[in-house]
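Asker: Structure below; questions to follow.
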Amino acid sequence: MSRICTLSFLLLINFSLFSQKNNTVVYERYIQNALQQWKTPGMSVVVVKDGKVVYKNGFGVTELGKPTLFTTSTLSICASTTKAMTAVCMGMLVDEGKIKWTDKVSDIYPELKLQDSYASSELTVKDLFTHNTGLGNADWLWILGYGLDSIINKMRLLKPAYSFRSSFIYQNLMYMVAGEVIHKVSGKTWDDFIKERLFTQLGMNHTYPTYKLSVNEPSHITPHFMYDDSIVKPITYIDVKGIDAAGGVWSCADDISKWVMFMLDSATVSGKKLLKTETYNDLFKPQAIVTDEQFYPTQQITKPHWKTYGLGWFQEDYRGKMLQFHTGSLDGAVAIIGLIPDEHFGVYIFGNRDHTELRHALMYKAIDLFCFNDNSHEWSNDFFALYKKLKEDAKKNESEKEAKRVLNTLPSLEMSAYEGKYSNDVFGNAEIIFHNDSLLLKYPNNITLHLTHWHFDTFLGKFNYPWFDKSWVQFSLNDLGRISQFEMDGLVYKKKE
């Protein structure tokens, strides 16, 4: 009987090894085919299962038109998958007794003030990580190039989008504050802390807190953008300030595999726990319910029963398991990480094309193959159709707006009358320049929009960075018939006298 059991056990191991090898072949072919469908120049992928890297490879090129391959050592932007790393850093300080999740931020970092005085006084360290503090998305601040100190100072002027802890709106600013709290408590900048206490400990020797610190590495991606839903071209990488703790890390598949294994092994590296078990578990506990509007469109296909947010992790149920995941997106580049701790499984994907949602397809395909030995679901085609429909719906909305345009109207005043300096209490200055019978709207950080008359006192603005898309700019007159302000994307800029 024991010989039969031993034989069965060996057969089971051999079958498991065969299945795993077969799945890696299937997965690689799947990626290669899907890259063409999504017109993504390059990607790198790493899959971890049961404490081992079971798949790792790079695909395509770092930049279209150039021969440099996108390999597992090519550096790419982690973007918002950085948030989970910042949460781990804070957890280390919690374990050292230097701070508690329940500590009031006002006691540690009094520089932070919010317009809602109750939120300002009750905000805890944990609240910095959960996107439910009442703030809306104010990314325009760091896009305009404001430094970290300036951004945090301006947060007191931001009107709450909802009452404290009553809802969920994803934003980056509180993670910037978290980085400064780490600095205040540890005496080290966030950059130095995460490098010394996390990357060095994990042996991530080619991972950097910022792009600037990574410039000596031989291989970086070039970001890309798809024009007119068909033509993919390289775009300029804009190294923005201030977002380091929210999305600044650069890494590669070789290094990020160590981060994935670390997070699946209860924050343990080489037998050493960098977080206490309680603190590690806190990272994955649901902290906020995520609304449909704030979740990924993929929910239309995956149909999760619940959607929550932990400390730097989106969460949903998938095939009866709790999936911890997060995307990262900056102009021209993407990332995604997915963990199913119960299955000792993790996947991380880098890509060098703006919002190539192939990343989602590859995450779910990896889960199906390596956790459930199932190749039945065609995620790439399904998600491709989903995002194609979303684009078509957006175009339909544009067509409806076009249909409402009143033709043959003129601006209320001569075009030169719109020229001048404007300001917003939170977002600072802007300038309208009249040149060659047209208007140019200039913002800080070399951001400009060429304004074309739409109807009445509304103008269509096209950005100098085409991947920023476009915005409508609406001018208003005062009771003297002079231009008093303009509004763009809900922001009002008043004309200076």
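The values are calculated or read from the model by the stated rules, or taken from the named source; none is laboratory data. Bear in mind the structure is a predicted one, so any value in this text is a computation, not a measurement. When we count neighbours, we look across all protein chains shown, and the Cβ atoms used for this are built from the backbone with ideal geometry, even at glycine.
Asker: Name every residue in region 39-87 that is in contact with a helix residue (DSSP H, G or I) (Cβ under 7 Å, 6 or more places away or on another chain), under 21 Å from K212 (Cα atoms), among the polar types (S, T, N, Q) and not in a loop (DSSP other than H, G, I, E, B), in order of residue number.
Answerer: Passing the criteria: S80, T82, T86.
Asker: Report yes if F383 is touching a residue at least 12 places away in the same chain (Cβ under 8 Å), surrounded by fewer than 22 Cβ atoms within 10 Å (Cβ to Cβ), out of contact with any strand residue (DSSP E or B) (no Cβ under 6 Å at 6 or more places or on another chain) and of a type in the set (F, W, Y), otherwise no.
Answerer: no
Asker: Picking from A403, A385, which residue would you name as being under 28 Å from V473 (Cβ atoms) and not assigned by TED's automatic domain parsing to the domain that holds W454?
Answerer: Details: A385 fails: under 28 Å from V473 (Cβ atoms).
When all the criteria are applied, what remains is A403.
Asker: Do we find that F486 is more than 29 Å from L114 (Cβ to Cβ) and modelled with pLDDT of 95 or more in this structure?
Answerer: no
Asker: Further question: I need every pair where a residue in region 428-445 that is under 17 Å from I151 (Cβ atoms) has its Cβ under 9 Å from the Cβ of a residue that is at pLDDT below 95 and among the β-branched types (V, I, T), sequence separation at least 6 or different chains.
Answerer: Every condition considered, the pairs that remain are Y443/I143; N445/I143; N445/I238; N445/V240.
Each row is one residue, and each column tells you yes or no for (1) within 24 Å of L480 (Cα to Cα); (2) at pLDDT below 95.
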position: K396; (1), (2): no, yes
position: L413; (1), (2): yes, no
position: I433; (1), (2): yes, no
position: Y443; (1), (2): no, no
position: H453; (1), (2): yes, no
position: F456; (1), (2): yes, no
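Asker: Among the numbered criteria (1) closer than 18 Å to L311 by Cβ; (2) within 23 Å of the chain's Cα centre (by Cα), which single criterion is violated by G147?
Answerer: Unmet condition: (1).
Asker: Would you say D139 is modelled with pLDDT under 95 and at positive phi?
Answerer: no
Asker: Answer yes or no as to whether S376 is closer than 23 Å to I231 by Cβ, in the same structural domain as S219 (by TED's automatic domain parsing) and surrounded by fewer than 23 Cβ atoms within 10 Å (Cβ to Cβ).
Answerer: Criteria not met by S376.
Asker: Can you work out which of the residues in region 195-247 that are aliphatic (A, V, I, L, M), part of a strand (DSSP E or B) and crowded, with 16+ Cβ neighbours inside 10 Å is nearest to the chain's Cα centre (by Cα)?
Answerer: M226
Asker: Out of all the residues in region 408-425, is one or more touching a residue at least 12 places away in the same chain (Cβ under 8 Å), surrounded by 13 or more Cβ atoms within 10 Å (Cβ to Cβ) and within 30 Å of K49 (Cα to Cα)?
Answerer: Taking every residue of region 408-425 in turn, none turns out to be touching a residue at least 12 places away in the same chain (Cβ under 8 Å), surrounded by 13 or more Cβ atoms within 10 Å (Cβ to Cβ) and within 30 Å of K49 (Cα to Cα).
Asker: Show the residue pairs that are 6+ apart or on different chains and have beta-carbon atoms under 8 Å apart, the first residue being within region 93-117 and farther than 24 Å from L198 by Cβ, the second being among the charged types (D, E, K, R) and part of a loop (DSSP other than H, G, I, E, B).
Answerer: Close Cβ pairs (under 8 Å, with a partner that is among the charged types (D, E, K, R) and part of a loop (DSSP other than H, G, I, E, B)) amount to Q115/K159.
Asker: Which condition breaks for M174 when tested against (1) within 17 Å of the chain's Cα centre (by Cα); (2) under 21 Å from T210 (Cβ atoms); (3) surrounded by fewer than 20 Cβ atoms within 10 Å (Cβ to Cβ)?
Answerer: For M174, the failing item is (3).
Asker: Filter region 263-305 down to the residues that are free of Cβ contacts under 8 Å to residues at least 60 places away in the same chain, touching a helix residue (DSSP H, G or I) at 6+ places or on another chain (Cβ under 8 Å) and hydroxyl-bearing (S, T, Y), then identify the one that is farthest from T200 (Cα to Cα).
Answerer: Within region 263-305, the match that is farthest from T200 (Cα to Cα) is S266.
Asker: Checking the condition buried (at least 19 other Cβ atoms within 10 Å of the Cβ), among the aromatic types (F, W, Y), farther than 22 Å from W313 by Cβ and touching a residue at least 40 places away in the same chain (Cβ under 8 Å), which residue from F129, F70 passes?
Answerer: On inspection, the qualifying residue turns out to be F70.
Asker: Could you list, in sequence order, all residues of region 335-360 that are over 25 Å from P286 (Cβ atoms), crowded, with 20+ Cβ neighbours inside 10 Å and not aromatic (F, W, Y)?
Answerer: If the condition is that a residue be over 25 Å from P286 (Cβ atoms), crowded, with 20+ Cβ neighbours inside 10 Å and not aromatic (F, W, Y), then G351, N352, R353, T356, L358 are the ones that fit.
Asker: Kindly evaluate L275 against the criterion of being modelled with pLDDT of 95 or more, part of a helix (DSSP H, G or I) and crowded, with 16+ Cβ neighbours inside 10 Å.
Answerer: no
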